[in-house]
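A.B. asks: Quick one: structure below, then a few questions.
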Amino acid sequence: MFDKLKKALGDFVTEISTRSISEGDLESSLWSLQLALVECDVALPAAESLANSLKERMVGVKVKRLEDITPVVRGAFESLLRENLSSADLLSKVRSKSPFSIMFVGVNGTGKTTTIAKVAKYLLDNGVSVVFACGDTYRAGSEEQIETHAQRLGVKVIKHKYGADPAAVAFDAVTYAKNNRVGAVLIDTAGRMQTDKDLMGELMKIRRVVQPDMTIFVGDSLAGNDALLQAEEFNKSLGIDGVILTKVDADSKGGAAISITSAIKKPILFLGVGQSYTDLVPFDASWVIQNVLSKTEKN
């Protein structure tokens, strides 16, 4: 008898002290959140997707009456971002096979070749030997650029004459690595727009001939929606295994990381934060989350 009374009283207290969050409670907040995300350089489709996912997660959540739901929403949003932003340990992957071949792709101007040199420095510092493959055989000065990095780092470069088949260069680099017990082959490729089908076909040929263990997309974190479109097209044509974002030190708001991972569901490996060979830091989702949340809270 008393148990029934106790339950009835408990139910009554719950009823008068809590409420379920409704879509109406969230509507204006979600719209403001979408705008803030776009201002953080998150692509509109990604911003809409995150807002919809947050709504699905929040509708029906119990909060105390008269309680500010903002901390509850913020906590759910932080959890959602953490689930979407994934990273991966490149070093453990490289050490799993020898030689381990990586093809780097991306458009002109993202700092792809410099990023390859930074990755080489990272691997060398961790005891993994490296050889470069100069697969950019058409752009004037490309061989000289990667040779300069190689000389500074003490790395071998495999190259052919300008105009040579990039797939043949990459194949020879992998063969060299096998014969000389080199741990990693880093394959540079010509920067091209993702809409150039002929040049994209060249990358597909390298992939068929060499069958790289990993394909990394190098994207400009300041490029906004362009970086997202590039990543989607490269992933569609080649299959991307990981992402490196450059120029993060140039006032990046973190939006590119959210946009790309939301679209292609691939991990971000590193962030480029400067021009030095050591200016490459392993990706940490907490940095993006804190950066974006601090900016959205100001809106």
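A.B. asks: Just to be sure I follow the rule: in the range 18-161, considering lysines 8 or more places apart or on different chains, how many pairs have Cα atoms under 29 Å apart?
C.D. replies: The result is 21.
A.B. asks: Kirkwood Rh over Cα pairs of the chain into Stokes-Einstein at 37 °C, 0.692 mPa s: D in µm²/s?
C.D. replies: Values: Rh = 21.2 Å.
Answer from the Stokes-Einstein relation: 155 µm²/s.
A.B. asks: Which one, VAL105, VAL209, ILE289, projects farthest toward the positive side of the charge dipole computed for the chain from Cβ point charges (K/R +1, D/E -1)?
C.D. replies: VAL209
A.B. asks: Which angle from 0 to 90°, rounded to the nearest 10, does the C-alpha axis of helix 23-39 make with the longest principal axis of the chain?
C.D. replies: For helix 23-39, the angle is close to 30 degrees.
A.B. asks: Which one of VAL59, VAL288, VAL185 has the biggest mean-square fluctuation once the chain is modelled by GNM with Cα springs under 10 Å?
C.D. replies: Of the options given, VAL59 has the highest mean-square fluctuation.
A.B. asks: OK, next. Given R₀ = 41 Å, what would the calculated FRET efficiency be for LEU153 paired with ARG57, taking r from the Cβ atoms and rounding to 0.05? Each step should come with its number before you reach the end.
C.D. replies: Working: r = 47 Å, r/R0 = 1.13.
Calculated transfer efficiency: 0.30.
A.B. asks: Just the number, please: percent antiparallel of the DSSP beta bridges in the chain, rounded to the nearest 5.
C.D. replies: Numbers: 6 of 32 bridges.
Bridges in the chain are about 20 percent antiparallel.
A.B. asks: Same structure again: Assigning unit charges at the beta carbon (Lys, Arg +1; Asp, Glu -1) and nothing else, what dipole magnitude in debye, to the nearest 20, does the chain show about its Cα centre? Let's see the in-between values first.
C.D. replies: On the way: 36 positive and 37 negative charges, 182 e Å.
Charge dipole of the chain: 880 debye, to the nearest 20.
A.B. asks: Further question: Rg and Dmax of the range 117-236, Cα atoms, in Å?
C.D. replies: 14.5, 43
A.B. asks: Same structure again: Modelled label-to-label distance, GLU233 and ASP165, 7 Å Cα→beta-carbon offset: nm?
C.D. replies: 2.6 nm
A.B. asks: What percentage of all Cα-Cα pairs in the range 198-284 are separated by more than 20 Å? Mind dumping the intermediate values first?
C.D. replies: Details: 1310 of 3741 pairs.
Counting every Cα pair in the range 198-284, those more than 20 Å apart make up 35 percent.
A.B. asks: Sorted by average packing, counted as other Cβ atoms within 10 angstrom per residue and highest first, what order do 266-274, 240-248 take? If you can, show how the numbers build up before the last one.
C.D. replies: Details: 266-274: 21.4, 240-248: 24.4.
The most tightly packed comes first, giving 240-248, 266-274.
A.B. asks: Using only Cα atoms, find the angle between the long axis of helix 142-153 and the longest principal axis of the chain, and express it within 0 to 90 degrees, rounded to the nearest 10.
C.D. replies: Taking Cα atoms only, the helix is inclined about 80 degrees.
Read-outs: derived from the displayed coordinates by stated rules, not from any lab. For clarity, every value in this text was computed on a predicted model and none was experimentally measured. Don't worry about glycine lacking a Cβ; one is built from the backbone with ideal geometry, like all the others, and counts go over all protein chains shown.
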